[in-house]
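Each remark here refers to the structure printed beneath this line.
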Amino acid sequence: MVQFWPVGFFDLRWWPMELSYASTVPRQLVHRQHVGEVFLTDYRLSDSAADQIAVQLPASHRIFRPTNKRHDPLVVAESFRQAVIMLCHTKFAVMPHFKFMMEQFEFELVGELKIRSAPMPLVLDMTTNQVDTRDGTVSRVDIAGVLREGPRILAHCNAIARCVTPESYSRIRSGRDTYVADLRARPPGSVVIPASSVGRSEEQDVLIAVNLPAEELYCAPDPRNYALFDHPLDHIPGMVIFDAAIQALRYRTNDPALQLTRLAATFPRFTEWDNTCDLAVSFAPADHERKRSCVTFTQSERVTAQLNVTTTTAH
């Protein structure tokens with residue numbers, strides 16, 4: 001006898017079960033092509049409390065490289081980015097082929113992310129602050145997250161993102177949605193900064209270049225770096241912007257071990273592949289061991305991204 005289950009029977013919000021860390025969520029839910037780049041393993045939705053998402057951070061990763069037996073703080077940002085996208089698909093029924101554009105992104109570490117012999121069973125408690133709709137479809141979300149291990153809070157996160165159809169995205173991009181880069185975009189006379197100066201081991205993982213006589217910095221990632229770009233993108237994405245910012249700060253402070261503790265970013269425009277991207281760093285007065293700075297990305301004298309960053313030296 002064939003059993004037909006009622007609609008919604010397998011919706012996890014109805015099951016009083018613990019989160020699982022046995023396998024990743026489907027990669028399509030977080031817009032990744034390779035399962036090795038998926039850091040979420042399970043989720044549980046709620047109509048009356050925070051939605052819960054299971055997170056397992058990689059013990060080693062070419063891009064999110066651990067330092068002094070601690071996870072790279074940027075892996076928290078990537079996990080939260082994935083969680084926001086997955087929540088839009090699973091809770092708000094945003095179609096899989098929709099495009100996501102981050103308008104604002106913020107996270108702050110408040111606890112240590114030590115690497116252990118067994119992975120930490122982490123949970124992101126996700127709270128939706130606001131949902132905007134257009135023609136019955138979710139078009140914009142404001143979502144906050146708290147990363148924790150049991151009762152121990154490790155990070156606070158927040159993001160505002162737009163969800164658009166491929167047709168709308170093509171209009172927004174003025175037809176540039178099919179652009180594919182094949183080389184670094186850096187001006188003549190500039191050189192890629194030595195990998196060891198920015199905490200990297202391979203030149204391909206270096207995202208910034210410098211004009212040595214003028215000491216001008218540029219954001220210039222290599223689009224052929226498949227460890228960094230899981231799939232082709234028509235613009236330089238936010239996570240690469242974040243990494244380029246911390247590399248620029250390491251170079252300017254001559255401290256390859258510098259690590260993020262807080263980041264708040266806005267993206268007024270897309271950062272294009274085929275246009276020189278100037279990168280400027282300004283420093284605020286230091287607060288004890290923590291340093292505050294502002295990193296600005298500019299193309300054709302127009303700001304594409306601005307980050308307020310707090311850093312500390314990894315011990």
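Of the residues 186, 171, 134, 176, the single one that is closer than 29 Å to residue 49 by Cβ and either out of contact with any helix residue (DSSP H, G or I) (no Cβ under 8 Å at 6 or more places or on another chain) or modelled with pLDDT of 95 or more (or both) is 134. Note on the stretch 41-160: enclosed strands (runs of 3 or more DSSP E) holding 3 or more residues that are under 26 Å from residue 304 (Cβ atoms) and acidic (Asp, Glu) are 99-109.
Which one is surrounded by the most Cβ atoms within 10 Å (Cβ to Cβ) among residues in the stretch 298-315 that are assigned to a loop (DSSP other than H, G, I, E, B) and touching a residue at least 40 places away in the same chain (Cβ under 8 Å)? Within the stretch 298-315, the match that is surrounded by the most Cβ atoms within 10 Å (Cβ to Cβ) is 314. In a residue-by-residue description of the stretch 164-173, the property of being part of a strand (DSSP E or B), surrounded by 19 or more Cβ atoms within 10 Å (Cβ to Cβ) and in contact (Cβ under 8 Å) with a residue 40 or more places away in the chain applies to at least one position. Residue 295 fulfils the conditions (1) touching a residue at least 60 places away in the same chain (Cβ under 8 Å); (2) within 21 Å of residue 73 (Cβ to Cβ); (3) among the β-branched types (Val, Ile, Thr) except for a single criterion, (1).
A quick yes/no check of all residues on (1) in a strand (DSSP E or B); (2) crowded, with 22+ Cβ neighbours inside 10 Å:
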{"site": "233", "(1), (2)": "no, no"}
{"site": "240", "(1), (2)": "no, no"}
{"site": "245", "(1), (2)": "no, yes"}
{"site": "256", "(1), (2)": "no, no"}
{"site": "276", "(1), (2)": "no, no"}
{"site": "292", "(1), (2)": "yes, no"}
{"site": "295", "(1), (2)": "yes, yes"}
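Can you work out which of the residues in the stretch 179-210 that are among the polar types (S, T, N, Q) and over 22 Å from the mean Cα position of the chain (by Cα) is farthest from residue 276 (Cα to Cα)? Give the steps one after another, and end with the answer.
Here is the first cut: in the stretch 179-210, the residues among the polar types (S, T, N, Q) are 190, 196-197, 201, 204.
If we keep only those that are over 22 Å from the mean Cα position of the chain (by Cα) as well, we get 190, 196-197.
On the way: 190: 11, 196: 24, 197: 22 Å.
Restricting to residues being among the polar types (S, T, N, Q) and over 22 Å from the mean Cα position of the chain (by Cα), the top hit is 196.
For the stretch 33-64, a tally of residues being closer than 24 Å to residue 231 by Cα and surrounded by fewer than 16 Cβ atoms within 10 Å (Cβ to Cβ) returns 7. The number of residues in the stretch 115-151 being under 24 Å from residue 261 (Cα atoms) and surrounded by 12 or more Cβ atoms within 10 Å (Cβ to Cβ) comes to 19. With respect to the conditions (1) in contact with a Phe, Trp or Tyr (Cβ under 8 Å, 6 or more places away or on another chain); (2) surrounded by fewer than 22 Cβ atoms within 10 Å (Cβ to Cβ); (3) not hydrophobic (A, V, I, L, M, F, W, C), residue 82 falls short on a single one, namely (2). The residues on offer are 234, 230, 255, 205, and the sole one that is of a type in the set (Asp, Glu), under 24 Å from residue 112 (Cα atoms) and in contact (Cβ under 8 Å) with a residue 40 or more places away in the chain is 255. Checking the conditions here, which among 64, 80, 92 is at pLDDT below 95, assigned by TED's automatic domain parsing to the domain that holds residue 154, closer than 30 Å to residue 270 by Cα and among the aromatic types (Phe, Trp, Tyr)? Going through 64, 80, 92 in turn, just one is at pLDDT below 95, assigned by TED's automatic domain parsing to the domain that holds residue 154, closer than 30 Å to residue 270 by Cα and among the aromatic types (Phe, Trp, Tyr): 64.
Determine, yes or no, whether residue 226 is hydroxyl-bearing (Ser, Thr, Tyr), farther than 15 Å from residue 307 by Cβ and surrounded by 22 or more Cβ atoms within 10 Å (Cβ to Cβ).
Numbers: hydroxyl-bearing (Ser, Thr, Tyr): yes; farther than 15 Å from residue 307 by Cβ: yes; surrounded by 22 or more Cβ atoms within 10 Å (Cβ to Cβ): no.
Considered against the rule, which asks whether it is hydroxyl-bearing (Ser, Thr, Tyr), farther than 15 Å from residue 307 by Cβ and surrounded by 22 or more Cβ atoms within 10 Å (Cβ to Cβ), residue 226 comes out as no.
Yes or no, residue by residue, for (1) within 22 Å of the chain's Cα centre (by Cα); (2) more than 13 Å from residue 88 (Cβ to Cβ); (3) aromatic (Phe, Trp, Tyr):
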position	(1), (2), (3)
121	yes, yes, no
128	yes, no, no
131	yes, no, no
143	yes, no, no
152	no, yes, no
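How many residues are assigned to a loop (DSSP other than H, G, I, E, B), loosely packed, with under 12 Cβ neighbours inside 10 Å and not small (Gly, Ala, Ser) when one looks only at the stretch 174-215? Residues in the stretch 174-215 being assigned to a loop (DSSP other than H, G, I, E, B), loosely packed, with under 12 Cβ neighbours inside 10 Å and not small (Gly, Ala, Ser): 8 in total.
Checking the stated criteria, residue 272 turns out to be among the charged types (D, E, K, R), buried (at least 18 other Cβ atoms within 10 Å of the Cβ), farther than 20 Å from residue 78 by Cα and not assigned by TED's automatic domain parsing to the domain that holds residue 158.
I'd like to know if the stretch 227-248 contains one or more residues that are of a type outside the set (Lys, Arg) and more than 24 Å from residue 82 (Cα to Cα).
To start, the set of residues in the stretch 227-248 that are of a type outside the set (Lys, Arg) comprises 227-248.
Narrowing further to those that are more than 24 Å from residue 82 (Cα to Cα): 248.
For the stretch 227-248, residues of a type outside the set (Lys, Arg) and more than 24 Å from residue 82 (Cα to Cα): present.
Name the residues in the stretch 46-67 that are touching a residue at least 40 places away in the same chain (Cβ under 8 Å) and more than 20 Å from residue 202 (Cβ to Cβ), would you? 50, 51, 52, 53, 54, 55, 56, 57, listed by residue number.
The values are calculated or read from the model by the stated rules, or taken from the named source; none is laboratory data. Computed from a prediction, not measured in an experiment: that's the story for all the values here. Quick reminder, even Gly has a Cβ in these numbers, built from the backbone with ideal geometry, and neighbours come from all protein chains shown.
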